[in-house]
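**Q** Below is the structure I would like to discuss, written out as structure tokens.
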Amino acid sequence: MSHNTEVLRSLAASALQQGRGIASKGHRKTPQEPLELYDMEGCPFCRLVREALTDLDLDVLIFPCPKGGERYRPLVERLGGRQRFPYLMDPNTGAALYESADIIDYLYREYGGRPAPRRWLVRSLRTAAAVSASLPRASRGLHALDSKT
Ligand SMILES: N[C@@H](CCC(=O)N[C@@H](CS)C(=O)NCC(=O)O)C(=O)O
């Protein structure tokens with residue numbers, strides 16, 4: 001598939017999220033150490049967390065955990081007990097969280113100095129929007145392909 005087609009599909013995904021993940025309203029507290037997000041690019045729940053991180057303009061290290069990925073998936077299982085994504089670790093507070101809604105609540109509470117925006121509060125709507133935004137990208141960003149470390 002050509003790069004232009006990929007860009008169009010990516011644009012469709014962004015349009016479905018109505019521009020979320022583009023602008024930031026900033027944060028009140030800055031993490032001393034960057035947050036650590038164990039993430040699957042094509043996962044709708046991970047997408048929501050990345051959007052919240054962007055909205056809060058927080059420093060974050062992203063560790064890709066595609067299906068079949070051998071680097072960080074086993075680490076998440078060791079740390080949290082299972083391979084489930086998103087998984088957030090905050091070295092500043094020791095918090096370690098699964099569940100996108102809990103992670104988003106935590107980020108706004110700890111660093112935003114404000115509650116998560118209303119659009120994050122209705123879990124079913126939020127999930128439906130994130131899932132539909134992932135559809136144009138099909139399964140991209142979910143599976144690992146061979147590469148050289
Ligand atoms: N309710 C969870 C759902 C998370 C979830 O289902 N994540 C999927 C990826 S979209 C997952 O981790 N699947 C297991 C795997 O890929 O091994 C949330 O909101 O974070």
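**Q** Could you please find all residues in segment 61-88 being of a type in the set (A, V, I, L, M, F, W, C) and surrounded by fewer than 20 Cβ atoms within 10 Å (Cβ to Cβ)? It would help to see each step written out before you state the result.
**A** At the first step, the residues of segment 61-88 found to be of a type in the set (A, V, I, L, M, F, W, C) are 61-63, 65, 75-76, 79, 85, 88.
Answer for segment 61-88, where residues must be of a type in the set (A, V, I, L, M, F, W, C) and surrounded by fewer than 20 Cβ atoms within 10 Å (Cβ to Cβ): L61, I62, F63, L75, L79.
**Q** Going through L88, L107 one at a time, which residue ends up being touching a strand residue (DSSP E or B) at 6+ places or on another chain (Cβ under 6 Å), modelled with pLDDT of 95 or more and either β-branched (V, I, T) or under 16 Å from L53 (Cβ atoms) (or both)? Talk me through it step by step, then tell me what you get.
**A** Values: L107 fails: touching a strand residue (DSSP E or B) at 6+ places or on another chain (Cβ under 6 Å).
Only one candidate passes the filter, namely L88.
**Q** Let me ask something additional. Can you tell me which residue is nearest to the ligand (Cβ to nearest atom) among those in segment 54-77 that are within 24 Å of D146 (Cβ to Cβ) and among the charged types (D, E, K, R)? Outline the logic, then answer.
**A** Filtering segment 54-77 down to residues within 24 Å of D146 (Cβ to Cβ) leaves 61-77.
Imposing the further condition that a residue be among the charged types (D, E, K, R) reduces the set to 67, 70-71, 73, 77.
Details: K67: 5, E70: 13, R71: 14, R73: 7, E77: 10 Å.
Looking at the filtered set, the residue picked out is K67.
**Q** Among the numbered criteria (1) away from the ligand (no atom under 12 Å from the Cβ); (2) touching a residue at least 24 places away in the same chain (Cβ under 8 Å), which single criterion is violated by D39?
**A** (1)
**Q** Do any helices (runs of 4 or more DSSP H) entirely within segment 30-149 hold 1 or more residues that are closer than 27 Å to V7 by Cβ, and if so, which?
**A** Working: elements: 44-56, 73-80, 100-107, 118-121, 123-134.
Here the list reads 44-56, 100-107, 118-121, 123-134.
**Q** Here are some conditions: (1) assigned to a loop (DSSP other than H, G, I, E, B); (2) within 16 Å of the ligand (Cβ to nearest atom); (3) under 22 Å from G141 (Cβ atoms). G21 meets all but one. Which one does it not meet?
**A** Result: G21 passes all but (2).
**Q** Turning to a different aspect of this structure: Could you list, in sequence order, all residues of segment 86-106 that are in contact (Cβ under 8 Å) with a residue 40 or more places away in the chain, over 12 Å from the mean Cα position of the chain (by Cα) and within 15 Å of the ligand (Cβ to nearest atom)?
**A** M89
**Q** For T127, which of the numbered conditions (1) away from the ligand (no atom under 13 Å from the Cβ); (2) modelled with pLDDT under 90; (3) among the β-branched types (V, I, T) fails to hold?
**A** Single failed check for T127: (1).
The values are calculated or read from the model by the stated rules, or taken from the named source; none is laboratory data. All of these numbers come straight from a predicted model, not from anything done at the bench. Methodologically, a virtual Cβ is constructed for each residue, glycine included, from the backbone with ideal geometry; neighbour enumeration extends over all protein chains shown.
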